[in-house]
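I have placed the structure first, in the form of structure tokens, so that the comments after it can refer back to it.
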Amino acid sequence: MLLLLVAFLWGASEATFFVIVPDLWISYVALRRGLRPAMGVACFAAAGAIVGGAILWYFAVADPDALDSFLLSLPGIDAAMRAHVADAMASGWISALLAGGFGGIPYKLFVAEAATQGIAPALFFTVSVFARLVRFLAVAWLAAFIGARLPQSWRLPLWAGFWLALYVAYFALVGF
């Protein structure tokens, strides 16, 4: 139960203010516990992302300028990324949302932009469930697949090294 609670809270936090993706937790669970528990964790992380997204949506509608300032103050988010999301969403928000999940662009930017553009919340969050689940389940499967082929003693060091390298590279590219 604790695994699922952590996943839900991580998903909600990353959708609002936290900058580390729940994929880190999902992959950890997959390596330590296997695919089935990781799939449950992935589903709860997606549910948390939707709840966090709904909270962020409220703030985007209530005070878009304050939310924009807040988002731009977060590590790994800059005005160029925010403008890219706005352009991508304007030319096709569904494909932008689906691609963004695999392109290193924080979900919170898509939520804020969808609210700004007046996209129907029910439709946006329905597509969001699919977009979040596809990525989270893919991470669960991939980590379980790789983990099953590694000696137990290698799993945690390789997992930590992968995520550390990924975030060092990410923040080197987009800034901290």
Q: Express in nm, to one decimal, how much length is gained between residue 32 and residue 171 on full extension, taking 0.36 nm for each residue of separation and deducting their alpha carbon distance.
A: 47.3 nm
Q) What label, among (1) 123; (2) 201; (3) 102, belongs to volume of the Cα convex hull per residue in Å³ computed from the structure on display? A) (3)
Q. Roughly how much of residue 50 is accessible, in Å² to the nearest 10, using a 1.4 Å probe?
A. 30
Q. Counting Lys and Arg as +1 and Asp and Glu as -1, what is the net charge of the other residues whose Cβ lies under 13 Å from the Cβ of residue 140?
A. +4
Q: Kindly report, to the nearest 10 Å², the accessible surface of residue 63 as traced by a 1.4 Å probe over protein heavy atoms only.
A: 80
Q | Helix 35-62 vs. the chain, principal-axis angle (Cα, 0 to 90°, nearest 10) | A | 20
**Q.** Solvent-accessible heavy-atom area per residue, rounded to whole Å², over the chain at 1.4 Å
**A.** 50
Q) Going from most exposed to least, what order do 27, 153 have by accessible area with a 1.4 Å probe? A) 153, 27
**Q.** Mean Cβ neighbour count within 10 Å, used as a protection proxy, ranking 163-174, 65-76 highest first
**A.** 65-76, 163-174
Q) Which whole-number percent gives the relative contact order of the stretch 74-176, counting Cα pairs below 8 Å spaced six or more residues apart? A) 42
Q | Accessible-area composition of the stretch 28-78, carbon plus sulfur, in percent [1.4 Å probe] | A | 63
Q | Efficiency of FRET from Cβ geometry, residue 5 and residue 79, R₀ 30 Å, rounded to 0.05 | A | 0.30
(Q) What distance in nm lies between label points placed 7 Å from Cα along the C-beta direction at residue 146 and residue 163? (A) 1.2
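The values are calculated or read from the model by the stated rules, or taken from the named source; none is laboratory data. Just so it is clear, the model here is predicted, and its values are computed rather than measured. No Cβ is skipped: glycine too gets one built from the backbone with ideal geometry, and neighbour counts run over all protein chains shown. Ligands, DNA and RNA are stripped out before the accessible areas are found, and what is left, the full protein with its side chains, is counted by its heavy atoms. Shrake-Rupley method; radii C 1.70, N 1.55, O 1.52, S 1.80 Å.
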